[in-house]
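The values are calculated or read from the model by the stated rules, or taken from the named source; none is laboratory data. For clarity, every value in this text was computed on a predicted model and none was experimentally measured. All Cβ positions, even for glycine, are placed from backbone atoms using ideal geometry, and neighbour counts span all protein chains on display.
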Amino acid sequence: MARIDRIAEPWGTRTPYGSGGDWPVRVDTHLAEGVAPEDVDRWVQTASLLHSNGDAMDIAVKDNRIVGVRGRAVDRVNHGRLGPKDLYGWQANASPDRLTKPLIREGGKLVETDWDTAMQRIVDKSKALLAEQGPSALGFYTTGQLFSEEYYTLGTLAHGGIGTNHVDGNTRLCTATAGEALKESFGCDGQPGSYTDVDHADVIALYGHNVAETQTVLWTRMLDRLAGANPPKIICVDPRMTPVARAATVHLAPRPGTNVALMNGILHEIITNGWVDQEYIQAHTVGYSELENEVKNYPPALVAEICGVPEEQITEAAGIIGHAERLLSTVLQGFYQSNQATAAAVQVNNVNIIRGMLGRPGCGILQMNGQPTAENTRECGADGDLAAFRNWSNDAHIQDLARVWNVDPMSIPHYSPPTHVMQMMRYAEDGSIRMLWVSGTNPAVSLPELARIRGILEQDRLFLVVQDIFLSETAQLADVVLPAATWGEKTGTFTNVDRTVHLSEKAVDPPGEARPDLEIFIDYAHRMGLQDKDGQPLIKWHDPESAFEAWKECTRGRPCDYTGITYDKLRGGSGIQWPCNEENPDGTERIYADGKFWAHPGYCETYGRDLITGAPVEPTEYKALNPEGKAIIKAAEYMPPHELPSQDFPLQLITGRTLYQFHTRTKTGRAPELQAAAPDVWVELSADDAGAYGIAEGDLAEVETPRGSVRAKVRISGIRNGVLFLPFHYGYWDTDGGHQPDGAGRAANELTITDWDAASKQPIFKTAAARITRVSGGDGPAPAPTTTASAPAGYFPEDARTKGIPTALADEATETGEATETAGGAR
């Protein structure tokens, strides 16, 4: 047993293992000060809520309070390890500023009320708008942090009961491109790979994926492979010097917005040199000749010029990928939130497809998610999709969903795809959406071009309902605020990136009158009198387990088949990967292992889109292209970003995450160890740019785009020249202890552009034209962490480096009691 500061050492100590070996167990534990393991009354099973890795853990309960967590050694995902947000984030549950009673707006102010009054106000408004305008007047915008039971209930009442097409989640901001890229290549959502591919891969290529900060335990797994025998080679594509980049064999730092050109250059080299599996291509794919013709136009010399990357780095990276025997490719926000997001992510799929690197240990694709239940939002029909990956443009799928819900097929809106959030905001802006129900998310900080978003949400004609656990920036604009229970205070299931389903059990009661989201949605459906075609209640379930059983039945025969999973089967052991059914009673580690895909015209989730224009592919066109349901190789031409640097705005702004905060800090900002590690906004620029603009570490600078400005202290980091970075977590309100507003000027999304990817409709946060100006000298370094991608370039005083406050010590226990001392991000 060792105690370690897990703020200073986010990935913990190394437990090395070699290629094809088993990842050793290391159980991480953090308990409240003064609480020893023997003091814990009971341990309650759950998994992580503050990232998408799905780390399994147990909640420690003492005197009916959450007092800590420990990793679950038996779980396939983490083998007992926890990341910093796992270890410390639970403290937000007990924050004194939790919402405990419903609020309604009276005389311009939010005042406390009872549940009946709050719900009746929502129901009265809903019914009035339905009578006046119809279902299109109502919109629902949810999160990536609820449970599958709750998403399914929301999707059912919205699509099948209300009949609105305006249903989306904030997973649109982080995971929409993941889903769309998988649909474009394989006809359906669902990750081909498994986390265990890390154990076998000889090359791991990470495209815009700073796994060290976004999924810390997955990076721990990669670090342990790097520290063991026969370590994999790492390819990193990122404009910042991330921990992944520091560990990489080749680090490509392209100009923001040029990812498609870079991928075409890599594919050019793979195809030109014959590093392709022609037998696999012939047997299992369509579209290869179009790709071959397109990438001829992207020789490395041209790509180097477009991307600002040395030509020899492109050829070296392509050679490593082209010679890989077991290739694992992962993708995240650096591609998803940038120019031509889906087109770029699809080219990553193309690399694995043409190399035949699917369905075998070490050969996989993980189009990553940013949130813990992003996969569930998509599966359950609460994120711009229909339940269980049904195809909105396939009448047979609509009839089947109508059978499950026992409703008239024509009552399920399928005249167009479910409306994405940016379009919903436009509809609210022009007055056609008159009621917006926001659950578990904070669009007043997370959406682009915030001045516009605030103006929309503040409209008198928009009735805004917010269902949350704190009075967020968005909740403060609401007409009705509903206090919700959160993780640890309710029961449900959630599914991580590699399709692993976990059960999260209720450990303690929520504070005051706060209610589980499932209970709130069911209450609304009953108060609205939503019925099936036989006059029975549309929502026939009453608690989490009965909701799960209803969801299982909805998935029967679909790709995300849950019918072999039960709550009891999930208790005590490890998570289970769907599809899990009679054919696969223990789950399915890798899909597409037999070269068969969920892409048949009668079964696929979508017929796809044009990657450049976003225009839907017609069913007849898809059937002609892919009658046998093979993998689809889609080529894409590089198109420059819509907003390019200019004389007035000569730089490019990218936004993103830091290891110690999550989204808009509603939870992590209330965890003392996490908040102390990254307490305020900063801006990163390169040493060359700092010199050119006369800016030093810690100076106060103003970052401007055509949409607004932000003031932040400067961190001189390893970011590429010409690029600025702002973390997007910091809004208008200080979430540390519920303090009063601390003024405007630090929300990165004041600066981002209202633009989105043509295919996935994911907003673009990484190509804004910007400028930076020094405002004043600083009184010390920027508040940026020194352990992450924001590590300072050059000399930095030791006493200013990131370390934890006294309560940050956590325990580590290995099976052998041995671990190496190397805890950092380098090899």
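Among the residues of the range 89-104, write down those that are among the aliphatic types (A, V, I, L, M) and either in the same structural domain as residue 48 (by TED's automatic domain parsing) or surrounded by 22 or more Cβ atoms within 10 Å (Cβ to Cβ) (or both).
As a first pass, look at the range 89-104 and keep what is among the aliphatic types (A, V, I, L, M): 92, 94, 99, 103-104.
92, 94, 99, 103 - these are the residues of the range 89-104 that are among the aliphatic types (A, V, I, L, M) and either in the same structural domain as residue 48 (by TED's automatic domain parsing) or surrounded by 22 or more Cβ atoms within 10 Å (Cβ to Cβ) (or both).
Being modelled with pLDDT of 95 or more and more than 21 Å from residue 390 (Cβ to Cβ), is that true of even one residue in the range 600-610?
Going through the range 600-610, the residues modelled with pLDDT of 95 or more turn out to be 600-610.
With more than 21 Å from residue 390 (Cβ to Cβ) added as a condition, the list becomes 610.
Checking the range 600-610: at least one residue is modelled with pLDDT of 95 or more and more than 21 Å from residue 390 (Cβ to Cβ).
Of the residues making up the range 564-597, just one is of a type in the set (A, V, I, L, M), out of contact with any helix residue (DSSP H, G or I) (no Cβ under 9 Å at 6 or more places or on another chain) and closer than 20 Å to residue 188 by Cα, namely 593. Contact map, the range 429-456: residues that are assigned by TED's automatic domain parsing to the domain that holds residue 167 and hydroxyl-bearing (Ser, Thr, Tyr) paired with residues that are modelled with pLDDT of 95 or more and assigned to a helix (DSSP H, G or I), Cβ distance under 7 Å, separation 6+ or inter-chain. Pairs shown: 432/136; 439/517.
Of the helices (runs of 4 or more DSSP H) that lie entirely inside the range 502-594, those containing 1 or more residues that are touching an Asp or Glu at 6+ places or on another chain (Cβ under 8 Å), surrounded by fewer than 16 Cβ atoms within 10 Å (Cβ to Cβ) and not charged (D, E, K, R) span 567-570.
Take the conditions (1) touching a residue at least 40 places away in the same chain (Cβ under 8 Å); (2) in a helix (DSSP H, G or I); residue 168 misses just one of them, which is (2). Taking the conditions (1) of a type outside the set (Phe, Trp, Tyr); (2) more than 23 Å from residue 208 (Cα to Cα); (3) touching a residue at least 60 places away in the same chain (Cβ under 8 Å) in turn, residue 800 satisfies each one other than (3). Summed over the range 441-484, the residues that are part of a loop (DSSP other than H, G, I, E, B) and within 20 Å of residue 171 (Cα to Cα) give a count of 10.
In this structure, does residue 479 turn out to be among the acidic types (Asp, Glu) and either closer than 21 Å to residue 521 by Cβ or modelled with pLDDT under 95 (or both)? For residue 479, the condition - among the acidic types (Asp, Glu) and either closer than 21 Å to residue 521 by Cβ or modelled with pLDDT under 95 (or both) - is met. Taken over the range 289-303, the criterion of being under 15 Å from residue 266 (Cα atoms) and in contact (Cβ under 8 Å) with a residue 12 or more places away in the chain is satisfied by 291, 292, 293, 294, 295, 296, 297, 298, 299, 300, 302, 303. Reported count of residues in the range 689-699, each being surrounded by fewer than 18 Cβ atoms within 10 Å (Cβ to Cβ) and either closer than 18 Å to residue 790 by Cα or free of Cβ contacts under 8 Å to residues at least 24 places away in the same chain (or both), is 3.
In the range 41-160, counting only helices (runs of 4 or more DSSP H) that sit wholly within it, the ones holding 2 or more residues that are more than 29 Å from residue 28 (Cα to Cα) and in contact (Cβ under 8 Å) with a residue 12 or more places away in the chain span 115-132, 148-155.
The set of residues in the range 676-709 that are part of a strand (DSSP E or B) and either β-branched (Val, Ile, Thr) or not assigned by TED's automatic domain parsing to the domain that holds residue 724 (or both) comprises 683, 703, 705.
Residues are listed down the side, and each one gets a yes or a no for (1) surrounded by 24 or more Cβ atoms within 10 Å (Cβ to Cβ); (2) in contact with a Leu (Cβ under 7 Å, 6 or more places away or on another chain):
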position: 653; (1), (2): yes, yes
position: 660; (1), (2): yes, yes
position: 666; (1), (2): yes, no
position: 680; (1), (2): no, no
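Can you tell me which residues in the range 635-675 are among the small types (Gly, Ala, Ser) and under 19 Å from residue 170 (Cβ atoms)? Talk me through it step by step, then tell me what you get.
So in the range 635-675, the residues among the small types (Gly, Ala, Ser) come out as 635-636, 646, 656, 669, 671.
Those that are among the small types (Gly, Ala, Ser) and under 19 Å from residue 170 (Cβ atoms): 656, 669.
Within the range 608-639, the residues that satisfy the criterion of being exposed (fewer than 14 other Cβ atoms within 10 Å of the Cβ) and among the small types (Gly, Ala, Ser) are 615, 624. Per the conditions (1) surrounded by 17 or more Cβ atoms within 10 Å (Cβ to Cβ); (2) modelled with pLDDT of 90 or more; (3) more than 26 Å from residue 248 (Cα to Cα), the sole criterion not satisfied by residue 779 is (1).
Listed residues 437, 405; which is surrounded by 18 or more Cβ atoms within 10 Å (Cβ to Cβ), in contact with a Ser or Thr (Cβ under 7 Å, 6 or more places away or on another chain), modelled with pLDDT of 95 or more and not polar (S, T, N, Q)? Give the steps one after another, and end with the answer.
Numbers: 437 fails: in contact with a Ser or Thr (Cβ under 7 Å, 6 or more places away or on another chain).
Checking each option against the conditions leaves just 405.
So if I check each of 245, 301, 261, 283, which one is small (Gly, Ala, Ser), within 22 Å of the chain's Cα centre (by Cα) and modelled with pLDDT of 95 or more?
On the way: 301 fails: within 22 Å of the chain's Cα centre (by Cα); 261 fails: within 22 Å of the chain's Cα centre (by Cα); 283 fails: within 22 Å of the chain's Cα centre (by Cα).
Exactly one of 245, 301, 261, 283 is small (Gly, Ala, Ser), within 22 Å of the chain's Cα centre (by Cα) and modelled with pLDDT of 95 or more, namely 245.
Looking only at helices (runs of 4 or more DSSP H) that lie completely in the range 320-402, which have at least 3 residues being surrounded by fewer than 24 Cβ atoms within 10 Å (Cβ to Cβ) and touching a Cys at 6+ places or on another chain (Cβ under 7 Å)?
Values: elements: 333-336, 341-354, 374-380.
In the range 320-402, there are no helices (runs of 4 or more DSSP H) which contain 3 or more residues that are surrounded by fewer than 24 Cβ atoms within 10 Å (Cβ to Cβ) and touching a Cys at 6+ places or on another chain (Cβ under 7 Å).
Answer yes if at least one residue in the range 276-291 is under 20 Å from residue 255 (Cβ atoms), surrounded by fewer than 20 Cβ atoms within 10 Å (Cβ to Cβ) and not β-branched (Val, Ile, Thr), and no otherwise. No.
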